[in-house]
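Taking it in order: structure first as structure tokens, then the write-up.
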Amino acid sequence: MSTISAAGIQVAYDQKVIIDGLDCQLAEGKITTIIGSNGCGKSTLARIIMGLVRPTGGEVGFGSDGTDRRDSINAQMIFQDSASAFNPRMTLEQIISEPLVIARIGNRAERLERVSEVMTQVHLDIELMKRHPYDVSGGQRQRAAIARALITDPEFIIADEPLSSLDVPTQAEIVHLLRELHDERQLTMILISHDIPMVEHVCDRIIDMEAV
């Protein structure tokens, strides 16, 4: 079960309140879009759910029993700026397969086969496998970031502003790809965005950080 609940989440830095008593429920198998202005705590909430940031108060629960152990579900994150998130010395093959290497899953041939599979699923030409991040377009880098997130077969994905650095046609391609992958895999997904028109037609629910 990949249901996720947040109760009474509070975050404050240097006496400035970023999130004040947030409650929300993220339904299993649905795309939830989190919107709000810059600085309202969208990305902070995502990092709390991923266990990268500890809230000042409140708690996050996972699954049907509401355990506080994030590792009880297989969750992955797609970061806002794939260009800076990737090691420029690594090839796309190495970048995408890295989660398998870290988890010691499969041998070299098995990992290569898995990379080919997820690249195909995100409509990324496998001939780009030996390219470096700076040798491909922004849209191709973002597809590689999505492939990397998919390679461990997660139940749950957070995409943090995945469209922000892309041109409008590429934004549309990426948001429809996320919906396609959601439908194929029945993923639970959080899509963080400030571009409501671009994402509202592909999500199941919208949470406005400034209205909760």
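The values are calculated or read from the model by the stated rules, or taken from the named source; none is laboratory data. Source: prediction; values computed, not measured. Counting neighbours? That spans all protein chains shown, and the Cβs are built from the backbone with ideal geometry, glycine included. In case anyone asks, the SASA skips ligands and DNA or RNA and just uses the protein heavy atoms, side chains included. Shrake-Rupley method; radii C 1.70, N 1.55, O 1.52, S 1.80 Å.
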Please identify the pairs in which a residue from the range 1-18 that is outside any strand (DSSP E or B) has its Cβ atom under 7 Å from the Cβ atom of a residue that is modelled with pLDDT of 85 or more and among the aromatic types (F, W, Y), counting only partners at least 6 apart or on another chain.
-> S2/F156
In the range 53-65, is there at least one residue being out of contact with any helix residue (DSSP H, G or I) (no Cβ under 6 Å at 6 or more places or on another chain), assigned to a loop (DSSP other than H, G, I, E, B) and either hydrophobic (A, V, I, L, M, F, W, C) or open to solvent by less than 40 Å² (accessible area, probe 1.4 Å) (or both)?
-> no
Determine whether the range 74-86 contains at least one residue that is touching a Cys at 6+ places or on another chain (Cβ under 8 Å), among the β-branched types (V, I, T) and modelled with pLDDT of 85 or more.
-> no
For the range 134-158, which residues satisfy the criterion of being over 14 Å from L187 (Cβ atoms) and either β-branched (V, I, T) or surrounded by fewer than 22 Cβ atoms within 10 Å (Cβ to Cβ) (or both)?
-> Y134, D135, V136, S137, G138, G139, Q140
Residues (outside any loop (DSSP other than H, G, I, E, B) and either basic (K, R) or surrounded by fewer than 18 Cβ atoms within 10 Å (Cβ to Cβ) (or both)) located in the range 42-52 = K42, R47
Residues being in a loop (DSSP other than H, G, I, E, B) and closer than 20 Å to F79 by Cα: count how many of those fall in the range 158-199.
-> 11
Quick check, is I174 surrounded by fewer than 16 Cβ atoms within 10 Å (Cβ to Cβ), aliphatic (A, V, I, L, M) and farther than 26 Å from D71 by Cα?
-> no
Taking the range 7-20 as the region of interest, how many residues are at pLDDT below 90 and of a type in the set (G, A, S)?
-> 0
Give the residue, chosen from Q25, Q94, Q76, that is buried (at least 20 other Cβ atoms within 10 Å of the Cβ) and either part of a helix (DSSP H, G or I) or out of contact with any Gly (no Cβ under 9 Å at 6 or more places or on another chain) (or both).
-> Q76
